[in-house]
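Asks: Structure below; questions to follow.
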Amino acid sequence: MRPKATVSLPAVPGFVRLERRGPSASGQVGCLLFLAILLTLIGGGILVGYWVNPKGEGDMWVVPVVGGAFFLVGVLLLWAGVRGVRGLKVPAPELWRDAAAPLVPGGRVRLRLRQPGPVTFEKLKVKALCERVYRRVVSKKDGTTVEDQETLWEQALLELHGERVAAGAVLDRELVLDLPAEARPTGPAEPDGRVRWAIEIWGEAGLLRATYHPFEIEVRGAAG
């Protein structure tokens, strides 16, 4: 899987560049494809096994239902993975924030989105969100947990349709992030887990081509 080419853009005076959150886009797509193929094979294997030997007693009807569920989820993830692979050819955007504006509850922060071409977006959306990340118990018997998220707040910052960016050109937009007065700062959360803030950029760039880029920001307490 070959990642998209990196386009180097000049710095924005008075702004600091935000770092991308989590693994690279190619790494995310690779993990998604691996999971999609695994679930598809498991579900397909269960369905084939039941079709070859359908005899059984009691609750055997559950077998094709479980197999079908695995297979369906796998196919849906595979579809998303293919869109992600094609999206790797789209140059990555840059997100900058006003260096002088503090990220505190009730604050107003200017942002700069810079998207290099060539790309034509059917839809480009930027949103800010706050979420609580925590461990959710899935089995009380052995204490097994999984990571889950609860969205506490979100705000749409930009939505464009039919935007074409030519090769060598840059889509440059200034955005405004208005943090709510009751914003919870980044860090430990109640009753458990932690609060994190992010700005997400979603793009639909034609048939089977999707992009997703999350940028993490740190919101401090009012006195921080």
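Asks: When 1/r is averaged over all different Cα pairs and the result inverted, which Kirkwood radius in Å belongs to the stretch 113-224?
Replies: This gives a value of 16.3 Å.
Asks: Ignoring ligands, DNA and RNA, please state the percent of accessible area on the chain from carbon and sulfur, probe 1.4 Å.
Replies: Accessible surface attributable to carbon and sulfur in the chain totals 59 percent.
Asks: So how compact is the chain: Cα radius of gyration and Dmax in angstrom?
Replies: Over the chain's Cα set, Rg and Dmax evaluate to 21.6, 72 Å.
Asks: Right, here's the next one. For the chain, what relative contact order do you get, as a whole percent, if you take Cα pairs closer than 8 Å and at least 6 residues apart?
Replies: Relative contact order, the chain: 24 percent.
Asks: Also, I was wondering about something else. On a 0 to 90° scale, report how tilted helix 25-52 is relative to the longest principal axis of the chain, with both axes built from alpha carbons and the result rounded to the nearest 10.
Replies: Tilt of helix 25-52: around 20 degrees.
Asks: Could you list, bin by bin from short to long, the percent of Cα-Cα pairs of the stretch 104-161 in 10 Å steps?
Replies: Per 10 Å bin, starting at zero, the Cα-Cα P(r) for the stretch 104-161 comes out as 16, 30, 25, 19, 10, 1 percent.
Asks: Taking 0.36 nm per residue of separation and subtracting the Cα-Cα distance, what length does fully extending Gln155 through Lys123 add?
Replies: 9.8 nm
Asks: Report the paramagnetic label zone for Ala169: residues of the stretch 109-124 whose backbone N is under 12 Å from a point 7 Å from Cα along the Cα-to-Cβ axis.
Replies: Within reach of a label on Ala169, which here means backbone N under 12 Å from a point 7 Å along Cα→Cβ, the stretch 109-124 contributes 116-121.
Asks: With n ≥ 4 as the cut-off for DSSP H runs, can you work out [θ] at 222 nm for the chain, using -39500 (n - 2.57) per run divided by the number of residues, rounded to the nearest 500?
Replies: Value at 222 nm, helices only: -8500 deg cm²/dmol.
Asks: Expressed as an acute angle from 0 to 90° and rounded to the nearest 10, what is the orientation of the C-alpha long axis of helix 62-87 relative to the principal long axis of the chain?
Replies: In the chain, helix 62-87 runs at an angle near 30 degrees to the longest axis.
The values are calculated or read from the model by the stated rules, or taken from the named source; none is laboratory data. Values in this document were obtained by computation on a predicted structure and should not be read as measured data. Please note: Cβ atoms are built from the backbone with ideal geometry, for glycine as well, and neighbour counts cover all protein chains shown. The accessibility values were calculated without ligands, DNA or RNA, using every heavy atom of the protein model including side chains. Shrake-Rupley method; radii C 1.70, N 1.55, O 1.52, S 1.80 Å.
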